[in-house]
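In what follows, a structure is listed as structure tokens, so that the remarks can point back to it.
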Amino acid sequence: RKIYDEYNDEVVELTKDELKIVRKLMKNQAPHTDFDPYPTYVDWFKWDDAKHPLSNAPEPKRRFIPSKWEAKKVVQYVRAIRNGSITFDKPKEEDDAYLLWEDDSGLTEKANHLAYVPAPKQKLPGHDESYNPPLEYIPTQEEINSYQLMYEEDRPKFIPKRFTSMRSIPAYENAMKESFERCLDLYLCPRVRRKRLNIDPESLKPKLPNKKELKPYPITCYIEYKGHEGAVTSISVEASGQWMASGSSDGTVRVWEVETGRCLRRWEIGEAVNCVTWNPLPDIHILAVSVGQDVLLLNTGLGDEEEQQRIKELLLVDSPKAPDET
């Protein structure tokens, strides 16, 4: 009768009542002893005063009893309608057919709205677009051939032709395309005049933050690189970070020592320098300078003798030899 309880970590001894409950559960019976599996049937439905009938069959018409009060009320309504004391709202009139391309700028309904924009009108056809135009409007074959040599913008859109009767006129090729483009223009055209917004341009500028909020930042000047007489147009720092090159509009290129601000080299180019760039390889100290349409490669003279020898070999350009005379 002893069972080990893992949850409480103790050994529990079952009583007789608990054993009975376990046995009933194993037999799929109700564990409580007072439970009655077969109680007496209680008829809870009251048949005498039931609100809902047991049958859904509709009431027969012979049981209908007309109301005398409703008949009197109907007679009163009929007399009031005949006398005119009771009136009904007139049905809304439907919009009649109207011309789609009619000039409706003078209508009273549209005149009250200041923002109404009338639809643009098409150009009326002239003499050259007639099916039987005069002879002076019909171009010759030479003129038609000259149209092919013209630009598409200057080429006439319509070439007049002459037909003896309206039966011989072929169907217009671009009728569907032009009507579609016409409807598309009306659909995409904004039919309302947009009012211009009066906005102060100063309010669109972003507000600058206060200087106190940007601290800490350097306040005193640490190093100045003085020497250029014109505006400095380009700056480039060497890969090791020890040297810096600058180009100016005064036509000079200078190489500076970053930590001390000392000018180490100076070249007179003669024109305004557009851009200066160091070679990305730290062993080869070559400076590229862009001046006008030319690019100059300068040997800065930095590094030991081996590096200088390698730089000179790279920058050496052999002069073209004259061909041997035969």
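Each label was represented as a point 7 Å from its Cα along the Cα-to-Cβ direction; for Leu149 and Lys24 these points are 11.8 nm apart. With a ≥ b ≥ c taken as the square roots of the eigenvalues of the C-alpha gyration tensor of the stretch 232-314, please select rounded if a/c is under 1.5 and otherwise prolate if a/b is larger than b/c or oblate if it is not? Here the stretch 232-314 falls in the oblate category. At what distance in nm do the modelled label points of Glu10 and Ala71 sit from each other, each positioned 7 Å from its Cα along Cα→Cβ? Label-label distance for Glu10 and Ala71, simple model: 8.9 nm.
With the cut-off at 1.5 for a/c, could you classify the chain from its C-alpha gyration tensor as rounded, prolate or oblate? The shape class here is oblate.
Spin-label model, Lys207/Asn83: points 7 Å from Cα along the beta carbon direction are separated by 7.4 nm. Of the chymotrypsin sites (Phe, Trp or Tyr not before Pro) found in the stretch 191-285, the ones in coil according to DSSP and having at most 10 other Cβ atoms within 10 Å of their Cβ are Tyr222. One decimal place: the segment Glu259-Ala57 gains 61.9 nm when fully extended, by the rule 0.36 nm per residue minus the C-alpha distance. Checked against a 26 Å cut-off, the cross-linked pairs Lys68/Lys90; Lys2/Lys24; Lys92/Lys123; Lys123/Lys177; Lys2/Lys27 give Cα-Cα distances beyond that limit for Lys68/Lys90; Lys92/Lys123. Database remark: amide H of Ser234 closer than 5 angstrom to the amide H of Gly247 (H placed geometrically; neighbours at sequence offset of 5 or more, or on other chains; Pro and chain starts carry no H).
Sparsely packed loop sites in the stretch 221-326 (the trypsin sites (Lys or Arg not before Pro) outside DSSP H, G, I, E and B with at most 13 other Cβ atoms within 10 Å) comprise Lys226, Arg262, Lys321.
Where a number appears in this text, it was derived from the coordinates with a stated rule and is not lab data. Predicted, not measured: the structure shown is a model, and the values here were computed from it. Every residue, glycine among them, receives a Cβ derived from its backbone with ideal geometry; neighbour counts consider all protein chains shown.
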